[in-house]
Amino acid sequence: MKHLFIFLIMLLPNVIIAQNAETTYAEKLGYPKGKKVLIIHVDDVGMSYESNQGAIRAIKEGVANSLSVMMPCGWVPGFVHYLKENKDLDAGLHLTLTSEWKDYRWGPLAGKPKVKGLVDSEGAMWSNVADVVKNASPDEVETEIRAQLERARSMGFEPTHLDSHMGTLFATPEFLERYLKVGMEEKIPVMFPGGHNTAIQAGEKMIAERFEMTQKVGKQLWAAGLPVLDDLENTSYGWKGPANGDNSEEALQKYKTEKYINAIKSLKPGLTMVIMHCTIHTEVFPKISDSMVTREGDFLAMIDPELRKYIEKEGIILTTWREAMQRRQKVK
């Protein structure tokens, strides 16, 4: 999701952004003042067997508590069948408009005739965000969003939230508008940080005008009856493993756990979504993606007792999109 806020960092004069002293959205939802409230979220479920198992075990055995599913991918039925037997899982849609791996690819659910601008010469979605922006129209993007939502519902899967694979829906204001539109119309919470955005400011060097825009969108989502994130921690995909190259389970778990603890330590109070990608180790997954190390490391960190101990010791509150929406519905 490295492109997540590309539309927020266009070439405008850099301005230091003052810390937002307003009441956090976490407080508005009834969480205690001054508390860090986390949605620990696993992306890319449904992409593969390994991704399904990594996410399921990260929640069942670890501290992760939310996930989202890539509806165009081959292992979606495998996860949805599990979901039907575990209905309390916090499961959303990882709205997918790209197909980034070389030998394992997927196409749009709306069908090529309806969304020609989303399809490359192999009949799959484009492999990168830039090509989606170059070739696809906002209408095609919305059509595909709705097709992915329709497939979920037809399978008996009502998503708790919407978010964006590779941040494609944040790549242009027009794409973002359609993403927000569907969420508000369907009354489904959308991943959008409209609060103090401290972690994003640090990672993306967000400029003042764009920060102001996120505040306006946050207020719009809140007025539509949806919960809003105060911040987003989205740096874990760049944590590639120990500098000495030791990628044994023990070394990788220690490395990633320390990274998560440091990242959480840096967060400000409020409702923050912490994003990761959890995959169990197999001989097959490296044939799909070169991201095995960082994904396995995320999984190992989530099930590490040391991470749980830190969260409990610091009094950090874990929540889900489902609970956030339930709380929002009670706020007048």
Worksheet item: Val129: out of contact with any strand residue (DSSP E or B) (no Cβ under 9 Å at 6 or more places or on another chain), surrounded by 22 or more Cβ atoms within 10 Å (Cβ to Cβ) and modelled with pLDDT of 95 or more, yes or no?
Response: yes
Discussion item. Where the second residue is part of a strand (DSSP E or B) and polar (S, T, N, Q) and the first is open to solvent by 10 Å² or more (accessible area, probe 1.4 Å) and lies in segment 22-42, which pairs have Cβ atoms under 8 Å and are six or more apart or on separate chains?
Written reply: Lys36/Thr272
Practice prompt. Would you point out the residue of segment 260-315, among those that are among the aromatic types (Phe, Trp, Tyr) and buried (at least 20 other Cβ atoms within 10 Å of the Cβ), that is farthest from Thr23 (Cα to Cα)?
Written response: Phe285
Worksheet item: Quick one: would you say Ala251 is at pLDDT 95 or above, within 18 Å of the chain's Cα centre (by Cα), of a type outside the set (S, T, N, Q) and assigned to a helix (DSSP H, G or I)?
Response: no
Worksheet, complete the sentence: Checked Gly54, Gly78 against criteria (open to solvent by 10 Å² or more (accessible area, probe 1.4 Å), in contact with a helix residue (DSSP H, G or I) (Cβ under 6 Å, 6 or more places away or on another chain) and not in a loop (DSSP other than H, G, I, E, B)); the one match is Gly78
Fill in: Selection within segment 162-190 - open to solvent by 20 Å² or more (accessible area, probe 1.4 Å), free of Cβ contacts under 8 Å to residues at least 60 places away in the same chain and in a helix (DSSP H, G or I)
Glu174, Glu177, Arg178, Lys181, Met184, Glu185, Glu186
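Give the number of residues within segment 218-240 that are among the small types (Gly, Ala, Ser) and assigned to a helix (DSSP H, G or I). Even if it seems obvious, please write down each step before you answer.
Within segment 218-240, the subset among the small types (Gly, Ala, Ser) is 218, 223-225, 236, 238.
Still in the list and also assigned to a helix (DSSP H, G or I): 218, 223, 236, 238.
Summing the residues that are among the small types (Gly, Ala, Ser) and assigned to a helix (DSSP H, G or I) in segment 218-240 gives 4.
Would you mind stating whether Gly156 is within 20 Å of the chain's Cα centre (by Cα) and among the small types (Gly, Ala, Ser)? Spell out the reasoning first.
Numbers: within 20 Å of the chain's Cα centre (by Cα): no; among the small types (Gly, Ala, Ser): yes.
Considered against the rule, which asks whether it is within 20 Å of the chain's Cα centre (by Cα) and among the small types (Gly, Ala, Ser), Gly156 comes out as no.
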Response to the item:
When every residue in segment 316-332 that is at pLDDT 95 or above and among the charged types (D, E, K, R) is compared, the one most open to solvent (accessible area, probe 1.4 Å) is Lys330
Discussion item. Every residue in segment 141-161 that is open to solvent by less than 10 Å² (accessible area, probe 1.4 Å) and either of a type in the set (S, T, N, Q) or over 17 Å from Phe79 (Cα atoms) (or both), please.
Written reply: Val141, Glu144, Ile145, Gln148
Worksheet entry | Members of segment 209-245 that are of a type in the set (Lys, Arg) and open to solvent by 70 Å² or more (accessible area, probe 1.4 Å) | Lys216, Lys219, Lys240
Worksheet item: In segment 132-140, is there at least one residue being surrounded by fewer than 16 Cβ atoms within 10 Å (Cβ to Cβ), under 20 Å from the mean Cα position of the chain (by Cα) and of a type in the set (Asp, Glu)?
Response: no
Item to complete: Sort out which residues of segment 248-288 are under 25 Å from Leu38 (Cβ atoms) and acidic (Asp, Glu), and write them in order of number.
Response: Glu249, Glu258
Discussion item. Looking at segment 106-123, can you tell me whether even one residue there is under 18 Å from the mean Cα position of the chain (by Cα) and either surrounded by 15 or more Cβ atoms within 10 Å (Cβ to Cβ) or part of a loop (DSSP other than H, G, I, E, B) (or both)?
Written reply: no
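The values are calculated or read from the model by the stated rules, or taken from the named source; none is laboratory data. Values in this document were obtained by computation on a predicted structure and should not be read as measured data. Virtual Cβ from ideal backbone geometry, glycine too; neighbours counted across all protein chains shown. What goes into the accessible areas is simple: the full protein's heavy atoms, side chains included, and nothing from ligands, DNA or RNA. Shrake-Rupley method; radii C 1.70, N 1.55, O 1.52, S 1.80 Å.
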